[in-house]
1. Before we move on, is A:Asp84 touching a residue at least 40 places away in the same chain (Cβ under 8 Å), under 24 Å from B:Ser48 (Cα atoms) and among the acidic types (Asp, Glu)?
2. Are any residues in segment A:7-24 open to solvent by 20 Å² or more (accessible area, probe 1.4 Å) and either over 28 Å from B:Thr110 (Cα atoms) or part of a strand (DSSP E or B) (or both), and if so, which ones?
3. Residues of segment B:11-48 being of a type outside the set (S, T, N, Q), in a strand (DSSP E or B) and within 12 Å of chain A (Cβ to nearest Cβ), which ones?
4. Considering only segment B:61-81, I want to know if a residue exists there that is under 28 Å from A:Thr5 (Cβ atoms), outside any strand (DSSP E or B) and within 13 Å of the chain's Cα centre (by Cα).
5. Checking the condition touching a Gly at 6+ places or on another chain (Cβ under 6 Å), at pLDDT 95 or above and of a type outside the set (D, E, K, R), which residue from B:Phe45, B:Phe91 passes?
6. What's the number of the only condition in (1) over 10 Å from the mean Cα position of the chain (by Cα); (2) under 23 Å from A:Pro31 (Cα atoms); (3) surrounded by fewer than 18 Cβ atoms within 10 Å (Cβ to Cβ) that A:Ser79 fails to meet?
7. How many residues does segment B:67-99 contain that are closer than 20 Å to B:Pro25 by Cα and open to solvent by less than 30 Å² (accessible area, probe 1.4 Å)?
8. Restricting to segment A:16-47, count the residues that are farther than 16 Å from A:His74 by Cα and at the interface with chain B (Cβ under 8 Å from one of its Cβ atoms).
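The values are calculated or read from the model by the stated rules, or taken from the named source; none is laboratory data. Only a predicted model underlies this, so the values are computations on that prediction, with no experimental measurement involved. Note that each Cβ is placed from the backbone with ideal geometry, even for glycine, and that neighbours are counted across all protein chains shown. SASA here: full protein model, heavy atoms, side chains in, ligands and nucleic acids out. Shrake-Rupley method; radii C 1.70, N 1.55, O 1.52, S 1.80 Å.
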Amino acid sequence: GNSVTQMEGPVTLSEEAFLTINCTYTATGYPSLFWYVQYPGEGLQLLLKATKADDKGSNKGFEATYRKETTSFHLEKGSVQVSDSAVYFCALIDSGAGSYQLTFGKGTKLSVIP
Amino acid sequence: EPEVTQTPSHQVTQMGQEVILRCVPISNHLYFYWYRQILGQKVEFLVSFYNNEISEKSEIFDDQFSVERPDGSNFTLKIRSTKLEDSAMYFCASSEEASPYNEQFFGPGTRLTVL
């Protein structure tokens with residue numbers, strides 16, 4: 001079956017630090033990959049996505065590159081802000097079998113301190 | 001900006017009772033989903049719904065669960081006889097199409113506590 005593994009949190013960083021949250025996946029087909037973010041008290045929001053190998057998704061200074069050879073989709077940001085404090089979820093859709101359900105990782109809580 | 005809404009934000013119930021969780025998807029969306037997250041665990045897919053039918057469901061979605069679109073705006077998840085292990089955050093989502101290219105928009109969730 002499909003699965004997503006992401007680094008355990010919580011992660012605490014100082015403002016302007018570099019962020020990496022690791023994500024690896026297992027899929028039976030050729031999945032599309034996503035990062036969702038959940039700010040306190042809100043629902044999950046799509047942060048970025050990539051639908052084929054070597055694609056780079058980017059949004060709000062965050063980036064992730066679809067690496068098929070390492071089955072990874074690590075999230076990076078060069079300089080985090082306090083407002084980036086949230087829970088980050090890596091996810092995939094493996095639509096080859098006609099399934100459009102999101103398969104999520106456990107989430108990584110990021111806290112950015114001034 | 002359109003958003004998915006869910007009510008109530010927190011529901012407390014006794015084991016064995018029926019609960020109905022309500023969602024209002026984004027108005028022009030055609031595909032609807034329920035996910036849940038047990039505390040400390042992954043967000044898990046429960047069911048997807050299109051054209052008044054279930055289009056996909058997970059092993060979690062057994063006979064105790066049902067979904068309905070009772071009118072043109074609401075999408076509900078019913079749990080007939082709640083168990084302690086049903087305690088979780090339940091998220092509703094909607095999308096224009098069922099596709100990796102169409103974002104699933106999530107509501108803020110309903111926290112269900114079964115005592």
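1. No; evaluated as a whole, the condition is false for this residue.
2. First, pick out the residues of segment A:7-24 that are open to solvent by 20 Å² or more (accessible area, probe 1.4 Å): A:7-18, A:20, A:22, A:24.
Matches in segment A:7-24: A:Val11, A:Thr12, A:Leu13, A:Ser14, A:Glu15, A:Glu16, A:Ala17, A:Phe18, A:Thr20, A:Asn22, A:Thr24.
3. If the condition is that a residue be of a type outside the set (S, T, N, Q), in a strand (DSSP E or B) and within 12 Å of chain A (Cβ to nearest Cβ), then B:Cys23, B:Tyr31, B:Phe32, B:Tyr33, B:Trp34, B:Tyr35, B:Arg36, B:Val43, B:Glu44, B:Phe45, B:Leu46, B:Val47 are the ones that fit.
4. Within segment B:61-81, one or more residues are under 28 Å from A:Thr5 (Cβ atoms), outside any strand (DSSP E or B) and within 13 Å of the chain's Cα centre (by Cα).
5. Unique residue meeting the criteria: B:Phe91.
6. It fails just one condition, (2).
7. Residues meeting the conditions: 13.
8. Selection size over segment A:16-47: 5.
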